[in-house]
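Everything on this sheet refers to the single structure shown next.
The values are calculated or read from the model by the stated rules, or taken from the named source; none is laboratory data. Computed from a predicted structure; not experimentally measured. Here the Cβ is made from the backbone with ideal geometry for all residues, glycine too, and neighbour counts use every protein chain on show.
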Amino acid sequence: MVHSAAPGYLYDDCAFAMNAVPIETSVTPTAQAARRSRMVVAGIASYAVLAATALYLDRPPLAAFAVFVLVAAVLSPALRRRSAKAWCALAACALLVAWLALRGAGWLLLDVVPIIVNVALCILFARTLVAGRTPLIARFIAILESPERLRDACVARYARQLTFAWAFVLGAQACLLALIVLAMPHGVLAMLDVAAPRLFAPFWTWYLHVGSYLVVGAFLVVEYAWRRWHLRHIAHPPLPKFMLALVQRWPALVRSLGDDAPRNAQ
């Protein structure tokens, strides 16, 4: 005769099985952040392709559309959260893009993008220099290397100085780019029917869209070389390994941008 298990034991076994084998019911916050980051990167890459195509084919409407794609990519995390402010900002951008495209001023939108990028990054670095906040470079050092590295007074001081240097370089470049956009043949002065000074050659257009980003990359490499000499009393990873860590850990770096809590390393 076969005896069935008592109901209490059966339920206990089921409960044990459910606890022993966890069921993944949702995506982890880290996976969600990585997915949002990939969407932003894909959007920025799409913008770069569209902008290059517009420049090559001389298509102002395509240039305006490229800017709309860029704004949508930057706002995509907030759009996925159904943020009303983000959707209003995207709608306002769409209206502005359409209005300028109809006026044949699509190039102006594309030309302003490097200025906005440099101004935004300048503010991003500068705001972390306020008393009670951790300098942005110090946050990066803690994520890419270790928080213990910042216990070295020389490293902590260098992190603050480098944060200031980045803010200065980006701010100065934003001013230069604004002057270029102001005096370009299809720039702001031309839209206002004001005679622009003949100071800028076509080279400045390429500097606006290509050279300004190369300057940022060059500053990154030169700073790395200076850091290895200036802080030669501590070990440094090779440049390829440093760049790889920067790429791999950049979602954590982005998340740190919203952290303005007071830190020990100043």
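Quick notes
- Pairs linking a residue in the stretch 234-246 that is of a type in the set (A, V, I, L, M) to a residue that is in a helix (DSSP H, G or I) and at pLDDT 80 or above, with Cβ atoms under 6 Å and 6 or more positions apart or on different chains, are 239/224; 245/144.
- For the stretch 84-97, a tally of residues being surrounded by fewer than 19 Cβ atoms within 10 Å (Cβ to Cβ) and touching a residue at least 24 places away in the same chain (Cβ under 8 Å) returns 2.
- Residue count for the stretch 40-60 under the criterion of being in contact with a helix residue (DSSP H, G or I) (Cβ under 6 Å, 6 or more places away or on another chain) and in contact (Cβ under 8 Å) with a residue 40 or more places away in the chain: the result is 3.
- Of residues in the stretch 75-109 being touching a helix residue (DSSP H, G or I) at 6+ places or on another chain (Cβ under 9 Å) and charged (D, E, K, R), the one farthest from residue 183 (Cα to Cα): 80
- The single condition from (1) more than 24 Å from residue 117 (Cα to Cα); (2) among the β-branched types (Val, Ile, Thr); (3) modelled with pLDDT of 75 or more that residue 180 fails is (1).
- The residues of the stretch 202-234 that are in a loop (DSSP other than H, G, I, E, B) and either touching a Lys or Arg at 6+ places or on another chain (Cβ under 8 Å) or under 21 Å from residue 136 (Cα atoms) (or both), listed by number, are 231, 234.
- Note on the stretch 235-258: residues that are in a helix (DSSP H, G or I) and surrounded by 13 or more Cβ atoms within 10 Å (Cβ to Cβ) amount to 12.
- Complete set of residues in the stretch 109-156 that are among the hydroxyl-bearing types (Ser, Thr, Tyr) and either in contact with a His (Cβ under 7 Å, 6 or more places away or on another chain) or surrounded by fewer than 17 Cβ atoms within 10 Å (Cβ to Cβ) (or both): 146
- Qualifying residue in the stretch 166-178 (condition: touching a His at 6+ places or on another chain (Cβ under 9 Å), assigned to a helix (DSSP H, G or I) and surrounded by 16 or more Cβ atoms within 10 Å (Cβ to Cβ)): no
- Candidates 73, 52, 131, 94 - the one that is of a type in the set (Gly, Ala, Ser) and either within 30 Å of residue 151 (Cβ to Cβ) or assigned by TED's automatic domain parsing to the domain that holds residue 220 (or both): 131
- In the set (1) modelled with pLDDT of 85 or more; (2) over 30 Å from residue 253 (Cβ atoms); (3) of a type in the set (D, E, K, R), the condition left unmet by residue 85 is number (2).
- For the stretch 211-224, a residue qualifies if it is loosely packed, with under 13 Cβ neighbours inside 10 Å and either touching a residue at least 12 places away in the same chain (Cβ under 8 Å) or within 18 Å of residue 50 (Cα to Cα) (or both), and exactly one does: 221.
- Residue within the stretch 137-144 that is over 26 Å from residue 176 (Cβ atoms), outside any helix (DSSP H, G or I), in contact (Cβ under 8 Å) with a residue 60 or more places away in the chain and in the same structural domain as residue 207 (by TED's automatic domain parsing) present: no
- Leading residue by the ranking (surrounded by the most Cβ atoms within 10 Å (Cβ to Cβ)) among those in the stretch 61-83 that are small (Gly, Ala, Ser) and without any contact (Cβ under 8 Å) to a residue 12 or more places away in the chain: 78
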